[in-house]
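Shown next, in structure tokens, is the structure this report addresses.
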Amino acid sequence: MALRTFIEAIRETLAEEMRRDPSVIVLGEDVGKKGGVFLATDGLWAEFGDDRVIDTPLTESLIVGASIGAAVNGLRPVAEIQFADFIFPAFNQILSEASRMRYRSNNGFGVPMTIRAPYGGGVHGALYHSQSVEAFFTHIPGLKVVIPSTPYDAKGLLRSAIRDDDPVLFFEHKKMYRSVRGDVPDTDYTVPLGRAAVTHEGKQITVVAYGLMAHYALEAADVVADEGISVEVVDLRTLRPIDKETLLTSVRKTGKCLVAYEDNRFGGYGAEVSAIVAEEAFDYLDGPVTRIAGPDVPGVPYNHVLEDWFMVNPEKIAAGIRKLAAY
């Protein structure tokens, strides 16, 4: 067991999987000698060379398209999109090719590829380096979408993603890269895709979150505990396929549900969670399913004050919990 930052857990996993399986390759912008803009791939080029750590042009459609071709021909590519904000030029490759390959080939071809991308705000990245894009991709059948919140989960889930025989989008909140630390086993463990975790047990309200919001939900739960409000926190970890069993078991126990996510409120991933709870746990609810999310503005502002206004934080989640508890 060793203490690791979130980014160290990612880097170690990539190196270990490349040593374990020679079919694993890494490609993306500046992933080679530079080691990536966040140094997630630092040291890989020196160990594995140009054939397995491939610097690409600044063309996301090429990065994903080449990865699809490599994947259907026996490799296991891990593609890095430098910022999730820039993934949209590759959207057609992900939607029309990667996600549908197994279906359209009648199970003849899989696409065992992983797409890593840092996402999220709170780092003064403004409009083009702060977006939360997960809702676009959870809509697509054939894709798995993963957002870990701890170094332990990051390592275990990334291993599972790389070893999966279908495409996985692996989003990493950039604010957590060096601010979040945790114990990580030295063993070759995995965390199964599609399994949520109850990270804080409670009786009155279920708070559902993922990524950075999972940490903020825990902070909010501690704050309101001093006020006599008992909160259960469910960290989804995998957004698609969603672990409905863990989610609904928690909501049926507490009777109330709040979903915290950083994206724009309208049409965000929390809307789907809310619909699942409303449809499948309605008889257990003692209040409306509530969302705490970013405002419906085009992007995260650069100005510090306005960025704070946009971002969900523990105080906003705690306020939502108090309001729901009083319902």
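The values are calculated or read from the model by the stated rules, or taken from the named source; none is laboratory data. Quick caveat, the model's predicted, so the values are computed rather than measured. Because the Cβ atoms are built from the backbone with ideal geometry, glycine has one as well, and the counts that use them run over all protein chains shown.
Of note:
- Looking at VAL198, VAL208, VAL123, just one residue is under 30 Å from TYR327 (Cβ atoms), surrounded by fewer than 22 Cβ atoms within 10 Å (Cβ to Cβ) and in contact (Cβ under 8 Å) with a residue 40 or more places away in the chain, and that residue is VAL198.
- Of all residues in region 1-19 being more than 20 Å from the chain's Cα centre (by Cα) and part of a strand (DSSP E or B), the one that is surrounded by the fewest Cβ atoms within 10 Å (Cβ to Cβ): LEU3
- Residue in region 82-95 that is of a type in the set (Phe, Trp, Tyr), buried (at least 24 other Cβ atoms within 10 Å of the Cβ) and touching a residue at least 24 places away in the same chain (Cβ under 8 Å) present: no
- All positions within region 289-311 that are of a type in the set (Phe, Trp, Tyr) and either touching a His at 6+ places or on another chain (Cβ under 7 Å) or in a loop (DSSP other than H, G, I, E, B) (or both): TYR302
- Within the span defined as region 20-43, one or more residues are over 20 Å from the mean Cα position of the chain (by Cα), of a type in the set (Lys, Arg) and not in a helix (DSSP H, G or I).
- Test result for ARG159, of a type in the set (Lys, Arg), closer than 28 Å to PHE86 by Cβ, outside any loop (DSSP other than H, G, I, E, B) and assigned by TED's automatic domain parsing to the domain that holds PHE88: yes
- Qualifying residue in region 226-241 (condition: farther than 14 Å from ILE321 by Cβ, under 19 Å from the mean Cα position of the chain (by Cα) and surrounded by fewer than 20 Cβ atoms within 10 Å (Cβ to Cβ)): yes
- Test result for ALA220, surrounded by fewer than 16 Cβ atoms within 10 Å (Cβ to Cβ), among the aliphatic types (A, V, I, L, M), at pLDDT 95 or above and assigned by TED's automatic domain parsing to the domain that holds ALA319: no
- Verdict on GLY320 being assigned to a loop (DSSP other than H, G, I, E, B) and in contact (Cβ under 8 Å) with a residue 24 or more places away in the chain: no
- Among the residues listed as GLY287, GLY320, the single one being within 23 Å of GLN131 (Cβ to Cβ), surrounded by 15 or more Cβ atoms within 10 Å (Cβ to Cβ), assigned by TED's automatic domain parsing to the domain that holds GLY255 and not hydroxyl-bearing (Ser, Thr, Tyr): GLY320
- Selection within region 194-242 - in a loop (DSSP other than H, G, I, E, B) and of a type outside the set (D, E, K, R): GLY194, ALA196, GLY202, GLN204, TYR210, GLY211, GLY228, ILE229, SER230, LEU236, PRO241, ILE242
- ASP235 being in the same structural domain as MET311 (by TED's automatic domain parsing) and closer than 26 Å to ARG159 by Cβ: yes
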